[in-house]
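K.L.:
Input: one structure, supplied below.
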Amino acid sequence: MLELKDIYFTVPDEEAGNGLAEKTILDGISFTFETGKFYAITGPNGGGKTTLAKTIMGINKATRGQIIYNDKEITDMTITDRARQGIAYGFQQSARFKGVTFRDLLAIAAGTDDEGQLMDILARVGICSLDFLDKPVDSKLSGGEIKKIELATTIARNPGLAIYDEPDTGIDLWTIDPMVELIKRQITDHGTTTIVVSHNKAFLEAADSLLLIRQGRIAYIGDLEGAMPLLSDLSVCGYGGICEGEIDARCYR
């Protein structure tokens, strides 16, 4: 279980020009994420979604408040220590490593170089070819390939809490549904508490609970249908995402 207690995150307000004023990005967020549940976080750009995810992981340090994970306070823990507690994070833009193969990364994540175990992980993320293990994790990989690698290295650890920041970034529409199903299987098979930051309808509909974040606060908790009246400046697209501004003919309210 993950508990957020009155979490604030502030940064210097550069627009003020005096070096004293602060801008509040997270404004007193309190919420409990139950073990083995699927949560989606959505809302307008700049509302604090990714900041909240990074604060849970420790990439951002909360200005005020407490973060409790499995009855242990982790507010002041480093990213490394949180990872040791079983928290994993998938970035919106996946990292690429020149001179490193997928096999290298997966073996580190899984804690073994046993090929049978690595193949089992490949199967879980829908990779059929063993040759894929020896692909360099570099700029030659497609968006879908790098996301599969990131998912594989994440689930290889069987984390207690997995956080994914816009996991659909850079991938084709046909990869999204299998990704959602993989996340759901992880929850069913391993009890992984899962948080997905997304504008994508597939993730928002699949989640057990949706949190709408705007102006640094939780504006709504529930399902996508209930959230739609609050999204007056957003539209959910029939082809998968949420658009801001002009509404495309393929979108609907």
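K.L.:
Tell me yes or no: at least one residue of segment 158-167 is assigned to a helix (DSSP H, G or I) and surrounded by 16 or more Cβ atoms within 10 Å (Cβ to Cβ).
P.N.:
no
K.L.:
Is it the case that segment 101-108 has a residue that's modelled with pLDDT of 80 or more, within 21 Å of residue 181 (Cβ to Cβ) and loosely packed, with under 13 Cβ neighbours inside 10 Å?
P.N.:
no
K.L.:
If you go through segment 1-15 one residue at a time, do you hit one that is over 22 Å from residue 199 (Cβ atoms), at pLDDT 95 or above and of a type in the set (S, T, N, Q)?
P.N.:
Checked against the condition, which is being over 22 Å from residue 199 (Cβ atoms), at pLDDT 95 or above and of a type in the set (S, T, N, Q), segment 1-15 yields no hits at all.
K.L.:
Do we find a residue being surrounded by fewer than 19 Cβ atoms within 10 Å (Cβ to Cβ) and aromatic (Phe, Trp, Tyr) anywhere in segment 91-98?
P.N.:
Pass one, segment 91-98, residues surrounded by fewer than 19 Cβ atoms within 10 Å (Cβ to Cβ): 91-93, 95-98.
Going one step further and asking which of them are aromatic (Phe, Trp, Tyr), we end up with 91, 97.
Looking for residues that are surrounded by fewer than 19 Cβ atoms within 10 Å (Cβ to Cβ) and aromatic (Phe, Trp, Tyr), one finds at least one in segment 91-98, hence yes.
K.L.:
Search segment 190-232 for residues being assigned to a helix (DSSP H, G or I) and under 17 Å from the mean Cα position of the chain (by Cα), and hand back the single one that is nearest to residue 6 (Cα to Cα).
P.N.:
204
K.L.:
Exactly one of these conditions fails for residue 199: (1) at pLDDT 90 or above; (2) touching a Cys at 6+ places or on another chain (Cβ under 9 Å). Give me its number.
P.N.:
(1)
K.L.:
Could you go through segment 168-182 and let me know if any residue there is modelled with pLDDT of 80 or more and either in a loop (DSSP other than H, G, I, E, B) or under 11 Å from the mean Cα position of the chain (by Cα) (or both).
P.N.:
For segment 168-182, residues modelled with pLDDT of 80 or more and either in a loop (DSSP other than H, G, I, E, B) or under 11 Å from the mean Cα position of the chain (by Cα) (or both): absent.
K.L.:
Follow-up. Can you name every residue in segment 71-92 that is in a loop (DSSP other than H, G, I, E, B) and either under 19 Å from the mean Cα position of the chain (by Cα) or without any contact (Cβ under 8 Å) to a residue 24 or more places away in the chain (or both)? Before the answer, list the steps.
P.N.:
Filtering segment 71-92 for residues in a loop (DSSP other than H, G, I, E, B) gives 71, 74-78, 85-86, 91-92.
Within segment 71-92, 74, 75, 76, 77, 78, 85, 86, 91, 92 meet the criteria.
K.L.:
To continue, here is another question. Taking segment 103-157, which residues are farther than 24 Å from residue 196 by Cα, among the charged types (D, E, K, R) and in contact with a Ser or Thr (Cβ under 8 Å, 6 or more places away or on another chain)?
P.N.:
134, 135
K.L.:
So, one more: Which number in (1) among the polar types (S, T, N, Q); (2) under 18 Å from residue 89 (Cβ atoms); (3) modelled with pLDDT of 90 or more marks the one condition that residue 209 misses?
P.N.:
Just one mismatch for residue 209, condition (2).
The values are calculated or read from the model by the stated rules, or taken from the named source; none is laboratory data. Note that the structure is predicted; figures quoted are calculated from it, not measured. Virtual Cβ from ideal backbone geometry, glycine too; neighbours counted across all protein chains shown.
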